[in-house]
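The values are calculated or read from the model by the stated rules, or taken from the named source; none is laboratory data. Computed from a predicted model, the values in this text were never measured in an experiment. With ideal geometry, Cβ positions are generated from the backbone for all residues, glycine too; neighbour counts draw on all protein chains shown.
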Amino acid sequence: MARILVADDEEGIRSFLAEALERDGHEVEQAEDGAAALAQLQRQSFDVLLTDLQMPEMDGMTLLTRVRDEQPETEVIVLTAHGSVSKAVEAMRKGAYDFLEKPVDGPAELRLLVRRAVERRQLKTRAEGARRQRSQLPKLTYGDPQMKPVVDALSKVAKTDATVLLIGESGTGKEVAARAIHEQSSRSEGPFIAVNCAALTDSLLESELFGHEKGAFTGAHARRRGRLELAEGGTFFLDEIGELKPALQAKLLRALEERTFERVGGTRTLRADARWVAATNRDLAAMIEEGTFREDLYHRLAVFPIRLPPLRERRQDIRPLAKELLRKIGEELGRPGLALSDEIAAELEAAAWPGNVRQLRNVLERAAILADGSSIGTEHLWLDVTAPGTAPSAPGEPETLEDIERRAIEKALGAVQGNRKQAAAQLGIGERTLYDKLKRYGLS
């Protein structure tokens, strides 16, 4: 279904058109003239604009020109008076999709024309999305033998529609792996829609996942499609799935089993043809034992589980990963050609990396900002969490990984006066992961 804006200065015609389109399940907004329509288009996006050519304030031709300049992805259908086909032809030369003569005797032609315009918009959106995703797709760079079976498994499962569960610590590249699955699948030209289950409250997350109807709750001023609905024909990626509360787990289970759902505040059952990929850094088996995660949902998600090893278990990957990340950072900073020396690469390979690939990227980005030339020196590496210029800790007895991790967390918290969100960002890990580690080490 689509979002449609109807612009006409005659209220009776507006209402007739809106009601006919709403019966097809479209979300329809109305505007009484061209200026009001343009204001609505500037506030939110619409798939189709249906506009009269003769209106006060701003006529339909002027509105068409503005829409083509400012929102070229919106398809425009113009309404023209009987006998004024020449104006409609002019509108099509200026970018209108098609025209409809007034008076509109019945809804059949209108509904068919709008359906075709929506299909054209969807094809254009999918093609653009696929092009953008291909150009921005992070590579699964690896050199460690441990990653070969992981990459092989991702490649094999991508060619199916099986639900995949990616398991690994925060920062190991689970979203990169999910995008790799999508890009190698038959759905690659469809959308890749991601939701971070740890980033929103339960009430907001339900609306984000399934959408909501107008008036479903305070602030729901219009119908909104959820992420699952937007993933139609593509891949639906649920990150941090272990953060879902039991009530929402039950609703997600039904959506996964039956491929159906309802928007919040709605009664109409909707279907969404999307391929599901989920990811977690939690021990779901332990959560099932504790009664905090549904076993039936786990089995539905873990049709094809893949574990992504932490960076400390794949040290041969650190050098190629660092080179690839530094290349991208250089492009983003407008400084192509940033390079790593063997000495710096060796230091990176010896570090603990509790935050995995995400932390590695943060370290390299800080170093690139500090470095003036095209190469990064040891003085630019900020492997600890203390600020640049601060003396590093004195060497002592050999430490365990847990000792290093605990000390890094303590220093991060001290550097930001105990602000957990900032500490997690410095460490390159999620807030939930930091909270779990604080509990494990007995840190306040």
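Data for the structure
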item: Close pairs from segment 246-275: first polar (S, T, N, Q), partner part of a loop (DSSP other than H, G, I, E, B), Cβ under 9 Å, at least 6 apart; result: Q249/F293; Q249/R294; T260/T269; T260/A272; T267/E213; T269/E262
item: Qualifying residue in segment 308-319 (condition: of a type outside the set (V, I, T), surrounded by 19 or more Cβ atoms within 10 Å (Cβ to Cβ), more than 29 Å from the chain's Cα centre (by Cα) and outside the structural domain of E169 (by TED's automatic domain parsing)); result: no
item: Flag if R327 is in a helix (DSSP H, G or I) and in contact (Cβ under 8 Å) with a residue 40 or more places away in the chain; result: no
item: Residue match in segment 295-306 (condition: modelled with pLDDT under 95 and more than 26 Å from the chain's Cα centre (by Cα)); result: no
item: Which listed residue is farther than 21 Å from R227 by Cβ and touching a residue at least 12 places away in the same chain (Cβ under 8 Å), from L301, L284, L297; result: L284
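Conditions tested, residue by residue: (1) within 20 Å of the chain's Cα centre (by Cα); (2) surrounded by fewer than 13 Cβ atoms within 10 Å (Cβ to Cβ); (3) among the β-branched types (V, I, T); (4) in the same structural domain as E169 (by TED's automatic domain parsing).
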site: G226; (1), (2), (3), (4): yes, no, no, yes
site: E232; (1), (2), (3), (4): yes, no, no, yes
site: T235; (1), (2), (3), (4): yes, no, yes, yes
site: D239; (1), (2), (3), (4): yes, no, no, yes
site: L244; (1), (2), (3), (4): yes, no, no, yes
site: E257; (1), (2), (3), (4): no, yes, no, yes
site: E262; (1), (2), (3), (4): no, no, no, yes
site: G266; (1), (2), (3), (4): no, no, no, yes
site: W276; (1), (2), (3), (4): yes, no, no, yes
